[in-house]
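Structure first, then comments.
The values are calculated or read from the model by the stated rules, or taken from the named source; none is laboratory data. Note that the structure is predicted; figures quoted are calculated from it, not measured. As a convention, Cβ positions derive from the backbone with ideal geometry for all residues, glycine included, and neighbour counts pool all protein chains shown.
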């Protein structure tokens with residue numbers, strides 16, 4: 001089906017473009033959402049005016065995205081993730097995670113995850129640079145800091161303590177990662193139970209026993 005685009009649909013088409021698209025795509029998405037109309041002879045007369053109006057809108061949008069790009073270059077994003085004691089992630093950082101944080105920073109909900117490019121998989125904590133294509137001819141580099149979340153910090157701290165205790169025990173040879181992890185989790189659970197069972201009131205004195213009587217006779 002041949003349609004006339006009324007609005008930009010990045011990166012497929014711009015307002016005023018006339019394109020052949022699949023019937024289902026046109027009828028189920030483009031036309032109901034007023035992104036395009038069927039390219040009848042009457043509608044085609046609007047094409048030139050639509051292009052001119054769209055060009056003016058894009059010029060204004062480009063200026064706004066250039067301003068946002070300058071803000072992004074001066075900031076960095078903290079991405080909290082679950083990690084092991086060596087700083088290795090359980091998985092990897094995705095462009096979806098970055099896009100979510102970037103929307104908060106830029107105060108724009110229309111930042112698409114597909115515009116964020118990660119050069120190589122991010123699987124350890126540290127600082128990284130990713131590229132973001134914000135708009136036509138507007139791209140920037142974004143600094144992200146991959147850090148452990150609070151749960152990982154607490155668990156890794158407990159694992160370090162348990163690992164030291166195991167190292168000090170005699171006749172224990174090279175505990176596995178699973179052993180250390182299980183011991184750390186038990187330690188955390190035990191701490192939580194102790195906190196629940198601690199009474200808010202403490203006794204002020206201890207019971208005393210009577211002194212033995214002197215039964216000796218003169």
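Below are the figures for this structure:
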| item | result |
| --- | --- |
| Which numbered condition residue 90 misses (of (1) under 25 Å from residue 12 (Cα atoms); (2) touching a strand residue (DSSP E or B) at 6+ places or on another chain (Cβ under 8 Å); (3) without any contact (Cβ under 8 Å) to a residue 40 or more places away in the chain) | (1) |
| Residue match in region 43-59 (condition: at pLDDT 90 or above, under 32 Å from the mean Cα position of the chain (by Cα) and surrounded by 13 or more Cβ atoms within 10 Å (Cβ to Cβ)) | no |
| Yes/no for residue 132 being in a strand (DSSP E or B) and either assigned by TED's automatic domain parsing to the domain that holds residue 54 or more than 27 Å from residue 55 (Cβ to Cβ) (or both) | no |
| Qualifying residue in region 117-125 (condition: touching a residue at least 12 places away in the same chain (Cβ under 8 Å) and under 27 Å from residue 15 (Cβ atoms)) | yes |
| Hits in region 2-33 (condition: at pLDDT below 90 and part of a loop (DSSP other than H, G, I, E, B)) | 6, 7, 8, 10, 11, 12, 14, 15, 16, 17 |
| Restricting region 116-143 to residues that are under 11 Å from residue 65 (Cβ atoms) and in contact with a strand residue (DSSP E or B) (Cβ under 7 Å, 6 or more places away or on another chain), the residue that is surrounded by the most Cβ atoms within 10 Å (Cβ to Cβ) | 134 |
| Unmet criterion (only one of (1) surrounded by 11 or more Cβ atoms within 10 Å (Cβ to Cβ); (2) closer than 23 Å to residue 94 by Cα; (3) out of contact with any strand residue (DSSP E or B) (no Cβ under 8 Å at 6 or more places or on another chain)) for residue 84 | (3) |
